[in-house]
1. Where only protein heavy atoms count, and the probe is 1.4 Å, what is the accessible area per residue for the stretch B:201-275 in Å²?
2. Hey, got the average number of other protein chain Cβ atoms within 10 angstrom for residues in B:414-427?
3. Around B:F104, which amide H atoms from residues at least 5 apart in sequence, or from another chain, sit under 5 Å from its own amide H, with H modelled in the peptide plane?
4. As a test, work out the antiparallel percent of DSSP beta bridges whose residues both lie in the protein assembly as shown, rounded to the nearest 5.
5. Would you be so kind as to identify which of B:C130, B:G411, B:T302 lies farthest towards the positive end of the dipole of chain B, taking Lys and Arg as +1 and Asp and Glu as -1 on Cβ and the Cα centre as origin?
6. Write down the percent of antiparallel bridges among all DSSP beta bridges whose residues are both part of the stretch A:24-155, to the nearest 5.
7. Inside 10 Å of the C-beta atoms of A:107-117, what's the mean count of C-beta atoms belonging to other chains?
8. Lysine pairs in chain A with Cα distance under 30 Å, only those 8 or more apart or on different chains: how many are there?
Amino acid sequence: MQVFTKHEGLVAPIDRANVDTDAIIPKQFLKSIRRSGFGPNLFDEWRYLDHGEPGQDCSQRPLNPDFVLNQSRYRGASILLTRDNFGCGSSREHAPWALADFGVRALVGTSFADIFYNNCLKNGLLPVRLPAADVAELFAQVEATPGYRLLIDLETQTVTRPDGKSLKFDIDPFRRHCLMNGLDEIGLTLVHADAIRTYEGRRRLEQPWLFR
Amino acid sequence: MCAAPRTLYEKLWEDHVVRTEEDGTALLYIDRHLVHEVTSPQAFEGLRMSGRKLWRVDSVVATTDHNTPTTHWDRGIEDPVSRLQVETLDGNMRDFGALVYLPFRDRRMGIVHVIGPELGATLPGMTVVCGDSHTSTHGAFACLAQGIGTSEVEHVLATQCLLQKPSRTMRVDFDGVPPAGVGAKDMALYLIGRIGTAGGTGFAIEFAGAAVRALSMEGRMTLCNMAIEAGARYGLVAVDDTTIDYVRGRPYAPDASHWDRAEAYWRTLVSDPGARFDRVIAIAASDIAPQVTWGTSPEMVTDVVGRTPDPDDFEDQQSRQGVVAALNYMGLAPRTPIHDIRVDKVFIGSCTNSRIEDLRAAAAVVRGRKVADSVRLALVVPGSGLVKAAAEAEGLDRVFREAGFEWREPGCSMCLAMNADRLEPGERCASTSNRNFEGRQGQGGRTHLVSPQMAAAAAVAGHFIDVRGMV
């Protein structure tokens, strides 16, 4: 997993509540058996004016000029500013894969759907939850300031605005540790293989019908 | 000394903790892993690349459902990209193994959340995971069942465990008796309308109350299935006679040598009297009317006798913008009576509403009636091959066909339109599925979520109509 310690980048606002994972990556792209290559189809239905299918050359497709990520001032954005319940709906990890493949490293918003939040953390993508008032201010500042950038520091758990104001955020210590060290969670869990076997042995005795 | 009363969620959680990190993150043991073709290929590839095997082959139950066609099975899967994904699962099952794999065209193949319970592969007290958010369905059996992403699928395949922190607990009491024609789907949509699609975020929701006790297992599965649409990873219903009776005799249920012990344990899977929940919501079931969504989120829902909202009634600018955008996408004016909304297509199916009882309820409305001429396509897609066979044995396929419905092969179908079943831009659908997101059933398609009875009634009338007058 890609390490996340500190990231400074251009911010793009996705000014809409309940952005679902179907919007982030539409289902036709879920037919892929790979983990990469989803970036050109991130927000496909909002981003392009035509209908997207897997395997297309997206550089030739007509862009929707109204969609925020197509606007020149947000080109190269690596931090998305988001509203309530971002990433709701399907558990598809293709959503964080698409965000990461597009170049997004962090999301800053009021709330994220549970499964999506979890999936981001498995892919070196940091979702930052901030109070609604802070997020509202960030939206106002981003819209008023072309080239608006934020500095996100996972070590100190802060988001720093261009005016120097620092906003503190919470994250589970264990998740933070994994992210900062890019740890392979499977390897980490397998360190406890004996504990798993012991548990399993007990379960086999107590509920033998669960085993075949 | 008396132990403190515990919720059902707490009992299930504590029963599966292998060990706990300092910050409270637990290693949670997983009993059942359901696998389908869409969210598993990258996980198996990950195992291959790191030279890992399955921790426990007999925990895996797999099938193909998302990509498979619902017509002309003799022709195979015509879309080469879908076919490759399905064949990839075939290959992974050959290489890694499973307790049971129901491949494309197996007579028992079906939606993963229908076949688990049907086979008795979903049993009370289990932890159940699947790379699919609607895994909450299995909570109807007092299972700790949740949807996970592909990295976690790989993690469970390799370690039989998940790393997780406990959720907060919510109990939703549906008290009293719902009106005739109002069912589990309406109860779920009504709740989501009340608490919102993020109302359950971070919670495990236990559904309780007389109206839940009165539901069949099929109805409870519908309710738990929709918990994720309220933002909750888990839905739960306590074990009672209905649960035990459903499980008895299923292929992977305990045999006679273990049955009594299993049943005795399962009977303990209820919240203790006095157990504390972080949030409790009470709903009078008698207040619930048939529900119809009008927007692009399941929380955008109202009674069939209601109207679409007026954005001007919303003071908060965010909400107003959301309503404007949704009405615009749905091609609906403010204050449109739900009754006046005409439909182009009708879809009865999905992991929410494709079980035998759903088909019986829809057929009861359709019987002796015809699909309206203005409806271009009315589809019934049974949840599994066994559901299809059971429905045919009862003659339900004839009821639907004679009315003008198409009777299809099982699968996820038009719920998410990964196969050929989809809406064209601008088409409007009465759908028994679970998500009315933009483009969910096809780019530009307009989805209205309803119960099977309401979908059947809309097919007959050509527009939404109160099914309470038809049953």
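The values are calculated or read from the model by the stated rules, or taken from the named source; none is laboratory data. Remember, it's a predicted structure, so these values are computed and weren't measured experimentally. Cβ placement follows ideal geometry from the backbone for every residue including glycine, while neighbour counts extend to all protein chains displayed. Protein only, heavy atoms only, side chains kept; ligands, DNA and RNA dropped before computing areas. Shrake-Rupley method; radii C 1.70, N 1.55, O 1.52, S 1.80 Å.
1. 33 Å²
2. 1
3. Close amide H contacts, sequence-distant or interchain: B:T64.
4. For the protein assembly as shown, the DSSP antiparallel bridge percentage is about 30.
5. B:G411
6. The antiparallel fraction comes to roughly 10 percent.
7. 4
8. Lysine pairs satisfying the spacing and distance rule in chain A number 7.
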